[in-house]
Amino acid sequence: MPFLQYSSQRNLRKDIYEAYINRCNHNDERDNKEIVTQLAALRAEKAGLLGYTSHADFILEENMAKTPAKANELLHQLWDAALPVAKQEAAEMQALMNREGKGEQLEAWDWFYYADKVRKEKYAYDAEALRPYFKLENVREGLFFTAKKLYGLNFHLLKNVPVYHEEVSAYEVKSDDGTLVGLLYLDFHPRTSKRGGAWMTSYRKQSINANGRVAPIISIVCNFSRPTATQPALLTPDEAETFFHEAGHALHGLLSDVTYETLSGTSVPRDFVELPSQVMEHWAFEPEVLAQYARHYETGELIPAALVEKMKAASRFNQGFATVEYLAASLLDMAYHTLPAGNNIVPLAFEKEQMDTIGLIPQIAPRYRSTYFQHIFAGGYSAGYYSYIWSEVLDSDAFAAFKEAGNIFDQATAESFRKNYWRKVERKNQWTCILPSVNENQM
Ligand SMILES: [Zn+2]
């Protein structure tokens with residue numbers, strides 16, 4: 001991706017792009033086409049044996065979406081909105097190419113390169129320059145402030161519990177009346193042997209047994225750059241948002257209130273699980289929250305509103321592309337997994353047919369093509385790749401409920417969200433949507 005973004009050598013961009021989208025598609029021992037054909041057939045056959053029309057019907061029955069038609073309905077609704085935006089972005093890049101006067105037409109291997117140029121031209125925004133406003137300890141305090149305002153949670157640093165590394169800190173989480181909610185471990189920096197990325201995990205899940213509530217032990221793990229001899233750990237806005245995201249999963253685990261461990265915290269349907277995390281991202285850059293934590297680590301100056309605006313505007317850039325490549329892959333996933341038993345498809349022809357049907361433009365490929373679509377053929381997301389955006393619709397809707405209440409910390413909304421949303425309705429052993437502003441019919 002950095003090569004596609006920065007290299008001015010068009011022929012090399014083409015080479016690397018074509019190599020990228022043809023992974024496991026060279027008719028050699030690493031080719032996946034035959035395996036894809038078999039997987040599609042076997043999954044449909046298995047679903048048939050279990051009494052389902054297709055693999056997607058089998059998978060989705062336990063998700064919020066319930067049926068492939070519901071998932072597809074949302075994907076198509078968003079597709080219709082996103083495709084014109086992507087076409088507009090392509091037109092902007094073409095206009096830039098025209099001004100360069102080389103007589104070139106925008107191709108897929110030009111997108112990243114020209115998107116970067118348009119971005120610089122339109123936004124003159126450098127995320128790195130914002131780091132001084134996002135000192136790690138300040139972001140953490142901003143998060144604790146948000147959790148306190150929303151859910152009355154109080155965080156106390158514990159010095160007397162074992163931690164697995166000296167850089168890990170542990171917090172006791174209590175509600176306002178002093179009840180123990182759980183423990184939260186924070187592990188922020190990369191180390192040799194530590195996996196990359198950011199995630200939430202639980203060492204002990206919440207449950208209720210004969211002795212009462214078992215308090216959960218939850219952990220957030222990140223890979224933020226560590227402090228140096230002269231500077232504290234400073235995050236980019238993206239990293240600050242990631243921290244809020246993982247904290248949302250952590251709150252899901254901490255505020256869990258169920259009897260059975262198997263249904264605790266994040267053990268919810270896949271198209272729901274990113275709601276509690278993604279919704280927290282909305283608070284990270286709200287002016288009221290920024291005012292609590294986003295101060296320059298040297299001068300104490302609050303992050304200027306103009307910089308925040310630039311940051312938000314830049315984050316909307318190229319979203320037509322991002323949404324279209326994601327939706328294309330999601331629709332492809334649903335297409336493979338709604339095939340009936342007895343199917344015998346030719347993967348690339350099938351993929352092309354599906355993409356032609358939805359009108360994908362040649363300058364964009366699905367985020368994952370069939371031969372390397374690991375999420376759906378190996379990663380447990382079969383008939384489930386749609387769930388990222390399903391959760392995104394829910395989290396936007398949920399945050400809108402706070403906005404509609406006129407206060408991002410509205411207590412009645414927060415209470416309703418906590419009680420009704422973050423908890424599985426056990427008696428049905430399935431998730432039920434209770435918050436009034438979210439109605440499955442809308443999706
Ligand atoms: Zn997540």
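The values are calculated or read from the model by the stated rules, or taken from the named source; none is laboratory data. Only a predicted model underlies this, so the values are computations on that prediction, with no experimental measurement involved. Virtual Cβ from ideal backbone geometry, glycine too; neighbours counted across all protein chains shown. Side chains included, ligands, DNA and RNA excluded: accessible areas come from the protein's heavy atoms. Shrake-Rupley method; radii C 1.70, N 1.55, O 1.52, S 1.80 Å.
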**Prompt:** For the chain, modelled as a GNM with alpha-carbon contacts under 10 angstrom, which of 194, 87, 14 fluctuates the most?
**Reply:** 194
**Item:** Protein accessible area in region 42-192, 1.4 Å probe - carbon and sulfur %
**Value:** 53
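Using the Cα centre of the chain as the reference point, and only Cβ charges (+1 on K/R, -1 on D/E), how large is the resulting charge dipole? Debye, rounded to the nearest 20.
Value, rounded to 20: 600 debye.
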**Most mobile listed residue (271, 28, 397) in the chain, GNM with C-alpha springs under 10 Å** = 28
**Asked** So which of 14/87; 135/194; 174/312; 46/352; 66/194 end up more than 29 Å apart by C-alpha?
**Response** 174/312; 66/194
**Request:** Normalise the Debye intensity by I(0) for the chain, one equal point scatterer per Cα, no solvent, then take log10 at q = 0.13 Å⁻¹ and round to two decimals.
**Result:** -1.37
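Can you give the FRET efficiency to the nearest 0.05 for residue 16 and residue 343, using r as the Cβ-Cβ distance and R₀ = 35 Å? Working shown, then result.
Values: r = 34 Å, r/R0 = 0.97.
The pair residue 16/residue 343 has a calculated efficiency of 0.55.
Give me the Å³ per residue figure for the convex hull around the C-alpha atoms of region 32-185.
Value for region 32-185: 301 Å³ per residue.
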**Request:** Could you tally the net charge around residue 358, taking each other residue with its Cβ under 15 Å from the Cβ of residue 358, Lys/Arg +1 and Asp/Glu -1?
**Result:** -3
**Prompt:** Cα to Cα, under 20 Å, and not fewer than 8 places away if on the same chain: which aspartates and glutamates meet these conditions relative to residue 122?
**Reply:** 89, 92, 100, 110, 238, 309
**Asked** Where the only charges are on Cβ atoms (+1 Lys, Arg; -1 Asp, Glu), what is the dipole of region 16-133 about its Cα centre, to the nearest 20 debye?
**Response** 260
**Request:** In nm, give the distance between the simple-model label positions of residue 419 and residue 26, each being 7 Å from the Cα along the Cα-to-Cβ direction.
**Result:** 6.1
**Item:** Share of Cα-Cα pairs in region 128-262 lying beyond 21 Å, as whole percent
**Value:** 43
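Determine the per residue accessible area of region 250-294 with all protein chains present and a 1.4 angstrom probe, expressed in square angstrom. Walk me through the numbers before you get to the answer.
On the way: 1330 Å² over 45 residues.
Accessible area per residue: 30 Å².
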**Request:** Mean Kyte-Doolittle of at least 0.0 plus a Cα span of 20 Å or more along the axis: flag which DSSP H helices in the chain meet both, please.
**Result:** 33-49, 319-337, 387-404
**Asked** How big is the accessible area of residue 334 in square angstrom, nearest 10, if you roll a 1.4 angstrom probe over the protein chains?
**Response** 0
**Prompt:** Excluding ligands, DNA and RNA, what is the solvent-accessible area per residue of region 56-149 at a probe of 1.4 Å, expressed in Å²?
**Reply:** 47
